[in-house]
Every structure is written in structure tokens, then in C-alpha cells.
1. What number of residues within segment 410-430 are crowded, with 24+ Cβ neighbours inside 10 Å and within 30 Å of Glu42 (Cα to Cα)?
2. What pairs come out if I take residues in segment 140-164 that are free of Cβ contacts under 8 Å to residues at least 24 places away in the same chain and pair them with residues that are among the β-branched types (Val, Ile, Thr) whose C-beta lies under 6 Å away, six or more apart or interchain?
3. Tell me which residues, restricted to segment 135-171, are under 21 Å from Ala207 (Cα atoms) and surrounded by fewer than 16 Cβ atoms within 10 Å (Cβ to Cβ).
4. Looking at segment 715-732 only, could you name the residues that are small (Gly, Ala, Ser) and either within 26 Å of the chain's Cα centre (by Cα) or at pLDDT 80 or above (or both)?
5. Would you check which residues across segment 49-60 are of a type in the set (Ser, Thr, Tyr) and crowded, with 16+ Cβ neighbours inside 10 Å and list them?
6. Would it be correct to say that Arg585 is open to solvent by 40 Å² or more (accessible area, probe 1.4 Å), touching an Asp or Glu at 6+ places or on another chain (Cβ under 7 Å) and more than 14 Å from Leu428 (Cα to Cα)?
7. Quick one: which residue in Ala110, Ala94 is open to solvent by 60 Å² or more (accessible area, probe 1.4 Å) and either at pLDDT below 85 or within 24 Å of Thr160 (Cα to Cα) (or both)?
8. So which of Ser22, Ser77 is modelled with pLDDT under 85, under 24 Å from Glu209 (Cβ atoms) and surrounded by fewer than 22 Cβ atoms within 10 Å (Cβ to Cβ)?
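The values are calculated or read from the model by the stated rules, or taken from the named source; none is laboratory data. Quantities reported herein were computed from a predicted structural model and do not represent experimental measurements. Note that each Cβ is placed from the backbone with ideal geometry, even for glycine, and that neighbours are counted across all protein chains shown. Note: areas computed on protein heavy atoms with side chains; ligands, DNA, RNA excluded. Shrake-Rupley method; radii C 1.70, N 1.55, O 1.52, S 1.80 Å.
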Amino acid sequence: MTKKQTIRLSVGGMSCAGCVASVEKAMQSVEGVEQVQVNFAEHTAEVTGTADVESIILATRQAGYDAAELRGIDDESDKEAAEMAHYRALLRKAGAAFALGGPLFVAGMAGLLPALDTPTGRLFWAITGMLTLAVMIYAGGHFFIGAWKSFLNHQANMDTLIALGTGSAWLYSAVVLAFPHLVPVLAQHAYFDAATIIIALINFGSALEMRARGKTSEAIKRLIGLRPRTAIVVRDGKEEERPISEVGLGETLRARPGERIAVDGIVIEGQSRVDESMLTGEPMPVEKTQGDEVIAGTINARGTFLYKSTRIGGDTVLAQIIELVRHAQSSKPAIGRLVDKVAAVFVPTVMIIAVLTFLAWMNLAPERGVAYALVTTMTVLIIACPCALGLATPISIMVAVGRAAERGILIRNGEALQQAGHLSTIVLDKTGTVTEGQPAVTDIVAADEWTEDSLLQYAASLEAGSEHPLATAIVKAADEKSLGLFRVTGFEAVAGHGVKGEVEGKHLLLGNARLLQNAGVTLDDWEAQVTALAAKGRSAVYLACDGQVAGLLAVADPVKADSAEAIARLHANGLKVVMLTGDHRITAEAVAREMGIDSIIAEVLPQDKDKHVEELQQQGEIVAMVGDGINDAPALARANVGFAIGSGTDVAIESADITLMRGSLHGVADAISLSRLTLRNIKQNLFGAFIYNTLGIPIAGGILFPLFGVLLNPMIAGAAMAMSSVTVVSNANRLRLIKLD
């Protein structure tokens, strides 16, 4: 059995959206291929299945396109270098075509060119025709080769339209020059300048489009740039610099100030602060000490430490993020698949319209029918190229996914990005999502003869030997205040109630009301305060000293500092917010009141969370589930869009449609805002592309001629076609500049 895999390929020769369908069809014809996603904007393809890469490349080449596998950073660099070389080649070709066509056009407009029916004119135009042919071969040869390959595969694409348009112009001009008696006198005109300038404009437009397209993948380039090439490895007590490919699992590495962490690992010696902004979007460096995890690509801000490698190569978090962003940029939402289907039949439809245009002019304008028919047919073929249509969706998706990645939002696919813009209800898990996920001391209420610090100091001393989460919170609170701990004797844990022991000769009890009542301690004076704390969702822990209540410590899972603000943003976007939790209703209600959450579903078992999500969907809601990506996996899968919020580990990355690398609900609001802006951007692109073709084709066909006596110049059509793609790409790049806050 061949192992299922995802192969990433660079695809050459794609010139329009119609090519996407041809490449996908060719790749899907290979046995073992399960799924193909072709990205016209990036000229890449992702193929999933058991087929071998050689078979896929062969099928692609047989369909008239080129392909090469992209394996790693070096291949990406080679692809980028090849694209830059192609960009320069297009500029050279455009320059050569302009050098001939430009002077011809200007001289013709000024009336300086000799007539065709004079000996001097025939010699001049014969030389011009040969020069034009040479320029067309050099500057436009790739259009004719592409058109011929498409013809052999019974297909038609942008190259077909350009080759037919410019080839017809040259052939017609050659016939007029060689056999003028075959053409009416009024139709005896040479279009050599039009053929060369059209090729120049389209090459120049393609170069501008390629340059603009390059900006859309800057996010992925920056991510790849974060991967260090070398690492400082400690072997046999000596530190030596080695290529990153030679670092193995369990190796000891040194992180020096200002350097990027080479691989994922665990700190084993030393401490420092690490800038993880590339991973989480958070600007403040994070303290790292022994036992803390460090991630490849993050920057060691100051200090030096040793760490042991735990994940290398493609298993690092950064490598997974890069693959996730690539996959998302290549994936198609529903709107993109629809456009591909339309584009696949668009070119043949345009060719039929061109034929009808030619026939109409031949019959309706007998005096100059041949010339008018040629001009209008050529103009229809040139102006109708569906490049802008094919770029409209993928270019916006690429920019949006890259923009999201820069803010620590990892989007798995284009469908999730599209769906996020249509959400109506956000379901939030409480622990670790709305709250910090770790208990903390929130209130200290001391009796008259006690201070808050002394109460906390005695309580922490007693709890120092316990592993209970409440004990951890109390000890941590004392540590934050730098309170020293006393020695405890006679320590005893009372199951379900608390702990007791002696500190400096004082008999202490720490726990719930039952523990103190069983010891005969009176609690009447404290019940009101306990009730008030319970109403806020906080658990009260009593401390009694020698039979008297010394005070209360309230422990709760505190809400995150920015949760309320993020939930307010969700409300401002017209979304209903529901909290789904396994906690007690009183605690859930207290958090909901504090956060302004619309409704709660409390005391829910983890395995039942997805049922509640399904119930909301049955009520007509489009639901997003926001959880930790592990315990909430069924609910995340059930929701229309699943958001995993948390640490950005490999488990979290794999568990949801959208992963938020920083633990903030602002990421949810950012993702939804970005989704809505992206959908609007795609619709703007599609509207522009469709309007361009809807209006452009009739005008090119001569619909304005009966009213105004105007025919659209084929050269203007070529410029308009080229600029339409540049406009779409430029509009998509506006997403890189938007503010989401």
C-alpha cells in the first residue's frame, strides 16, 4: 500500500482561469489522486492521494503545462528566482514589442507612413511585416505555443484568444500587402502596429500582475525567513555551529542573545526573555526558565540558555504553520469553485461570440466588411481574456490568509474564511477561553486581629505540601507577594474538606465550612460574605486558628483581561454570544454577567457539547465554537467554524478550522472582521471582472458604431485587458493594509 501524501507542485504555463480546470482535470486523471487544488494566483497545485509525483507531472505536461515538485525552502527560493527571471523576461519582451509598434503607431497617427499601393510603401510594409513577425516570435511566441498545446488537448485558454487575435492581424496585413486585389480598397490597411503593441501591452500587464502577485505571498516568505539555517549544538562539551538539517532529536543547543531559536525544545539551563510575536502576534517578550517550551523561529531577546530539541524539521510548530498557511492559500471556498466552472466555459463562449461578430460585420458592412470584421473580432478576442476573473477569488484569499497569519490567526482553508463572515452565533467554552484556565486568589478577607498578608502567609504554609489546584493558587499568591513560608508540623489532609496542621504552635484548619463545623468553629458572622463571593462565582476557603475564624480566601478562575472588550466587539458585529461550560450554573452566570454574555448553557459534559451546538444550528443559527482544541474537539467539528484558542501546539493546529495562536478572544473578532472584509473584496473583484467583460465584449464587437461611428481600437482592448488583472490584484492587496482593531 502506497502511503497517502500531499504533494505540492509549481505549475508553469497557466495563463488564465480556464487553465485551472485543465490542470485539475489532468491531475485528477492520474490513478491514486484523491484531491487537487490549483492556485492560479500562485501558480501552484496541491495534490492529495497515493499517486507518485512523476505520474502527476507527466499527466500535467501531456496536458500542455509544466510542473515541478516543491519540497522545501530551497525549492521555494528557486521558484521565487524563476518568477523574478520570468518577470524580467516579460519586461524585455514588452520593450522589444513597444520599440517596433510604438513608432509605427505614432507615425501612422501623424500620417507619415507610406501608402500600401506604392512601390516604396510595399517595400516599407514588407520589411515592417518581417520585423513584426520576428518580434511576435520573440515577444509573443509563448502565446502561440500555449495556444497550440491547448488545441492539441482540445482546449482553449487565454493564449488561444491572444494568438488568434494578433495572428489574424498579422495574417490579414500580409494578405493585404501580397494580394491587395483580394480586399476592397477601403479595407486595405495594415495592422502590424496593432499586433506588436497588443503583445507589448499584455506582456507588460502580465509583468505588473506578477509583481503585484508577489506581494500577496509576503507573509509566507516572512515565515520561511524565520527558519534559521544553522544552530549552535553542544556535543562532547563543545559548542559548534551546524546546519539545521544536522540537528537531531534530544540534542542540546545553545540560544545566544538576539538569535532565533533553531528548533522546538525545552529549556534545561539558564533563563531569558523570548520574542514570540511571530507566533502569537503579542509584542511583549515572554519569560523563559527551566522546563519552559521554546519554539523555532522565535527570537531570544536577552540572556543565554541551553535547551533540548523536542521537534525538528517538518514537525516544528513553525513548519506546521507554514504548511497550514500554504494549504489555506491554495484552497478554494465555494465562491471560488463556482468562478472556476464559469471560467472553464468562458473562453469557448468568447470564441463563438468572435465568430458571430465576424459574420455580422461581413454581412452588415459590405464596403469595409473585411477590415471591420477583422478589427472587431480581434478586439473581442483580446478584451475578453478571463485573467481578472480567475484571479478575483484566489488573490484575495492569499492576502487574507497571510494577513491573518501575521496576527497569530491560522486559517486552515478558504471555506472557513468564507463561512466566518456569515456567522450569527459564537459559542464560547469558559475555562481557558473566556477565563485564564488556572485558579487564582481573587479576594482576601481577614478578621480584625489579622492582616491580609499574614492570613495568606499561614494559609500558603499549610498548603505548600498539597497538589490540589486551590492549594497551588494560594501558594502562588504568597510567592507573588514574596511571603516566606513557615514550617508545618502534624499536617493532615481531610478528604473532601481541606487540610489541617500546626504552624508556630498555632492549630490551623484550612478548607470548606464542613471542615470547620466538624471542629466546632462558629461561622455565623461570615455567611453573608461567603454568599456574596459565591454570587460572583468565587469559591471561599476558610482559615481557622485555634478554634476561631481568621479569615477567608476566595479562589476563582479569573476572566482574561481583554475578554469583555473582545465580546463587546462581537456584539458590535451583530453576533449573539453563548457560553457553554461544564461548571456550576452560579459560577457560569457570574462570569456571563461580568462579560456581558447573552446566554449560558451550564453543567454540560464534554461529550454533550456538540449536541448543544447542533441544537443551535437546528434553530437556524450559523455557529462558531471557540474552545481549547482538545477537550472541545467534537463541538469544534460540529460547528460551522471551529476556533481553537490557546498555545498553538501541533494538537491545537490540527483540531479546528481556525487556530488562534494567542489566548485572546480578540482573535475571533479579528478573524470574523477579516472574513467579512475578504468576502467584500472578492465580490468587488468579481463585480469588476464580470462588468469588464459584460460591457467590454459588446463594445469590442462594435455595438457603439451605429450610434457614434466608433470602433474600439484593439490596442486599447489589449491595454484594458492587461490592466483589469492588475486592478484586481491591487484591490486584493488592500487587505494587507486594513486595521482589524
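1. 6
2. That search, which allows pairs on different chains as well, returns Ala147/Thr160.
3. Looking only at segment 135-171, we keep the residues that are under 21 Å from Ala207 (Cα atoms), and these are 135-147, 157-163, 165-166.
Within segment 135-171, Ile137, Tyr138, Gly141, Ile145 qualify.
4. Hits for segment 715-732 are Ser724, Ser725, Ser730, Ala732.
5. The one that is of a type in the set (Ser, Thr, Tyr) and crowded, with 16+ Cβ neighbours inside 10 Å: Thr60.
6. yes
7. On the way: Ala94 fails: open to solvent by 60 Å² or more (accessible area, probe 1.4 Å).
Sole residue among the options that is open to solvent by 60 Å² or more (accessible area, probe 1.4 Å) and either at pLDDT below 85 or within 24 Å of Thr160 (Cα to Cα) (or both): Ala110.
8. On the way: Ser22 fails: surrounded by fewer than 22 Cβ atoms within 10 Å (Cβ to Cβ).
Residue meeting the stated conditions: Ser77.
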